[in-house]
Amino acid sequence: MSQGLPAAGSAPPRSVVAAPGNQSQPQSPEDDDRKVRRREKNRVAAQRSRKKQTQKADKLHEEYECLEQENTLLQREIGKLREELRHLSEALKEHEKMCPLLLCPVNFVPVLRPDPVAGCLPR
């Protein structure tokens, strides 16, 4: 085996170099306490953030469900209104076939009448 090279299949040696700014100085108990407090504060903030995000997602889901229900009701109403329109259009076509005001040739001369529809209605 050659010197300086690791054996096949073995991990390369790790160098113990401290990151810049992290010199290997002994830490005081105050520094350790500060780290622990900072980590705890960060953990609590992260939990708060995740909870807020979950609440926002829940609220959006509820809003989505309400809008879906409203959409379904509106679609039903549209269907009913279309059916009513079809029925009224058919009724109007049938009425136009026998309406005395529309069939009378005198009615084609513009004459002021109080309400031409009132003449079609039963008295």
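Every read-out reported here was derived from the displayed coordinates using simple, explicitly stated rules and does not represent laboratory data. Just so it is clear, the model here is predicted, and its values are computed rather than measured. A quick note on method: Cβ atoms are made from the backbone with ideal geometry, for glycine too, and the neighbour counts reach across all protein chains shown.
Over all directions, what mean area does the Cα convex hull of region 36-103 project, stated in square nanometres? Each step should come with its number before you reach the end.
Working: hull surface 24.9 nm².
Result: 6.2 nm².
Applying the Karplus parametrisation 6.51 cos²θ - 1.76 cosθ + 1.60 with θ = phi - 60° to the phi angles of region 38-43, what ³J(HN,Hα) value in whole Hz is obtained for each residue in order, glycine and proline being reported as x?
Along region 38-43, the couplings run 5, 5, 5, 4, 5, 4 Hz.
Let me check I've understood the local charge: for Glu70, count other residues with C-beta under 15 angstrom from its C-beta, Lys and Arg +1, Asp and Glu -1. What total comes out?
It works out to a net charge of -4.
If you take every residue apart from Ala91 with its C-beta less than 14 Å away from the C-beta of Ala91, what net charge results, scoring Lys and Arg +1 and Asp and Glu -1?
-2
Around Arg37, with a cut-off of 13 angstrom between Cβ atoms, what is the net charge of the other residues, counting Lys and Arg +1 and Asp and Glu -1? Intermediate results must be reported in sequence, preceding the final value.
Details: positive: Arg34, Lys35, Arg38, Arg39, Lys41, Arg43; negative: Glu30, Asp31, Asp32, Asp33, Glu40.
Within the 13 Å Cβ shell, the charges total +1.
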